[in-house]
Amino acid sequence: MDATNMNATDLTQNKEGLHAGLWQNGNINAAARSKLLKIAVEFFTQLNLPDAAIEDITFTGSLANFNWTKFSDVDLHLIVNFDLIDANTDIVREYFSAKTSNWNRIHKIKIFNHEVELYVQNKEEPHHSSGVYSLKFNKWLAKPQQKSISVSADALEKKAKLFIDMMERADDLLISKDYKGAYEFSKKLFDKIKNFRKAGLEAGGEYSLENLVFKYLRNNEYIKFLIDLRNNSYDKMLSLNGDYEKKFKIFVVKDETKNEGFDKINEIEKFRKRIANKQERYKRFAEGRGLKIAQFS
């Protein structure tokens with residue numbers, strides 16, 4: 001993997017102290033606090049929603065803890081009373097999800113070289129973090145404590161590689177023009193990873209294997225790769241270019257349960273095809289990240 005990538009050891013070893021630039025004498029850097037409050041308030045104001053709905057603006061995540069790395073985002077959370085927006089909180093959640101997703105896509109604001117990521121959190125929503133700082137009230141709501149991380153780098157890498165292998169196999173379907181198969185596989189895999197992380201947060205918190213694996217995949221841009229794969233395969237699946245009969249064959253469901261036994265010649269051909277697909281994948285992955293060389297393995 002490229003040297004600029006996150007290593008598993010980055011996530012399984014705590015720092016001796018909080019980020020020196022962001023934190024001074026146990027409190028948030030005053031200039032950083034001012035900038036983050038401005039970002040949050042301006043975002044919310046543009047939505048033309050009642051100001052009273054905002055109950056707090058918090059700084060959380062690894063940069064408010066001892067497990068920060070150079071890849072960490074500044075997790076800026078607006079704590080909002082969804083009930084003051086609409087009684088149907090599911091619709092409100094979806095609304096804010098779309099708005100923050102668009103904001104995060106458009107803006108690349110950095111505080112001490114760490115990108116700001118905006119999130120609107122329902123005041124009733126449980127938040128699994130041992131470090132939460134109120135920017136509004138300028139105080140710790142949950143002060144982080146040094147904790148030993150029981151997850152090994154080896155265990156993290158092994159689990160992450162299982163997911164990466166599944167991503168590659170979904171991408172193999174896209175390369176072979178099985179767009180329906182690629183879409184269904186990538187969508188199912190994305191949901192699987194999301195639920196995997198959720199279960200880990202609920203059971204073991206931010207230091208759980210599940211959450212650390214997700215951070216590894218996200219910070220090394222595999223999550224982005226998977227989302228792009230899902231979206232691209234969906235677009236291809238619904239496009240119509242050329243011969244309809246040929247196109248229709250792509251949608252025929254293959255019998256994946258059929259056991260044909262082991263055929264060495266056939267398996268060698270499959271292996272060669274996967275190697276060729278890997279080369280294509282390396283190229284796309286590198287181009288997407290502005291790298292000359294990248295190893296997607």
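Checking each residue in segment 1-19 for being open to solvent by less than 40 Å² (accessible area, probe 1.4 Å) and assigned to a helix (DSSP H, G or I) picks out ALA8, LEU11, THR12. In segment 1-12, the residues that are over 16 Å from SER62 (Cα atoms) and of a type in the set (A, V, I, L, M, F, W, C) reach residues that are open to solvent by 80 Å² or more (accessible area, probe 1.4 Å) and at pLDDT below 85 with C-beta atoms within less than 6 angstrom, at least six apart or across chains, in these pairs: MET1/GLN295.
Scanning segment 201-210 for residues that are free of Cβ contacts under 8 Å to residues at least 24 places away in the same chain and either under 19 Å from ALA142 (Cβ atoms) or among the hydroxyl-bearing types (Ser, Thr, Tyr) (or both) yields ALA203, GLY204.
Among the residues of segment 258-268, is there at least one that is assigned to a helix (DSSP H, G or I), closer than 22 Å to MET6 by Cα and at pLDDT 65 or above? Among the residues of segment 258-268, not one is assigned to a helix (DSSP H, G or I), closer than 22 Å to MET6 by Cα and at pLDDT 65 or above, which makes the answer no. Inspection of segment 215-228 identifies no residue that is over 13 Å from the mean Cα position of the chain (by Cα) and surrounded by 19 or more Cβ atoms within 10 Å (Cβ to Cβ). In segment 96-111, the residues that are touching a residue at least 12 places away in the same chain (Cβ under 8 Å) form Cβ pairs under 8 Å with partners that are assigned to a loop (DSSP other than H, G, I, E, B) and open to solvent by less than 80 Å² (accessible area, probe 1.4 Å), at six or more places apart or across chains, as follows: LYS99/LEU47; ILE111/LEU22.
Screening segment 98-125 for residues that are in contact with a helix residue (DSSP H, G or I) (Cβ under 8 Å, 6 or more places away or on another chain) and assigned to a loop (DSSP other than H, G, I, E, B) and picking the one that is surrounded by the fewest Cβ atoms within 10 Å (Cβ to Cβ) gives GLU124. Any residue at all in segment 152-170 that's acidic (Asp, Glu) and either open to solvent by 90 Å² or more (accessible area, probe 1.4 Å) or touching a strand residue (DSSP E or B) at 6+ places or on another chain (Cβ under 8 Å) (or both)? No, because not a single residue in segment 152-170 is acidic (Asp, Glu) and either open to solvent by 90 Å² or more (accessible area, probe 1.4 Å) or touching a strand residue (DSSP E or B) at 6+ places or on another chain (Cβ under 8 Å) (or both).
If you take the residues in segment 198-214 that are under 20 Å from ASN14 (Cβ atoms) and among the charged types (D, E, K, R), which one is least open to solvent (accessible area, probe 1.4 Å)? Ranking the candidates gives GLU206 first. Report, by residue number, each residue of segment 20-40 that is open to solvent by less than 70 Å² (accessible area, probe 1.4 Å), in contact with a helix residue (DSSP H, G or I) (Cβ under 9 Å, 6 or more places away or on another chain) and free of Cβ contacts under 8 Å to residues at least 40 places away in the same chain. Passing the criteria: only TRP23.
Here is a yes/no grid of residues against (1) closer than 16 Å to GLN13 by Cβ; (2) aliphatic (A, V, I, L, M); (3) in contact (Cβ under 8 Å) with a residue 12 or more places away in the chain:
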{"site": "GLY131", "(1), (2), (3)": "no, no, yes"}
{"site": "LYS143", "(1), (2), (3)": "no, no, yes"}
{"site": "SER152", "(1), (2), (3)": "yes, no, yes"}
{"site": "LEU156", "(1), (2), (3)": "yes, yes, yes"}
{"site": "PHE163", "(1), (2), (3)": "no, no, yes"}
{"site": "LYS177", "(1), (2), (3)": "no, no, yes"}
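For segment 56-77, state whether one or more residues are open to solvent by 80 Å² or more (accessible area, probe 1.4 Å) and over 30 Å from THR9 (Cα atoms). If you could, list the steps in order and put the result at the bottom.
Step one: of segment 56-77, the residues open to solvent by 80 Å² or more (accessible area, probe 1.4 Å) are 70.
Restricting the remaining residues to those that are over 30 Å from THR9 (Cα atoms) gives none.
No; the residues of segment 56-77 include none that is open to solvent by 80 Å² or more (accessible area, probe 1.4 Å) and over 30 Å from THR9 (Cα atoms).
The residues listed here are LYS139, LYS194; of these, the one that is surrounded by fewer than 17 Cβ atoms within 10 Å (Cβ to Cβ), under 23 Å from ILE79 (Cβ atoms), of a type outside the set (S, T, N, Q) and within 15 Å of the chain's Cα centre (by Cα) is LYS194.
The values are calculated or read from the model by the stated rules, or taken from the named source; none is laboratory data. Given the structure is predicted, the values throughout are model-derived calculations rather than measurements. Glycine also receives a Cβ, built like all others from the backbone with ideal geometry; neighbour counts cover every protein chain displayed. Ligands, DNA and RNA are stripped out before the accessible areas are found, and what is left, the full protein with its side chains, is counted by its heavy atoms. Shrake-Rupley method; radii C 1.70, N 1.55, O 1.52, S 1.80 Å.
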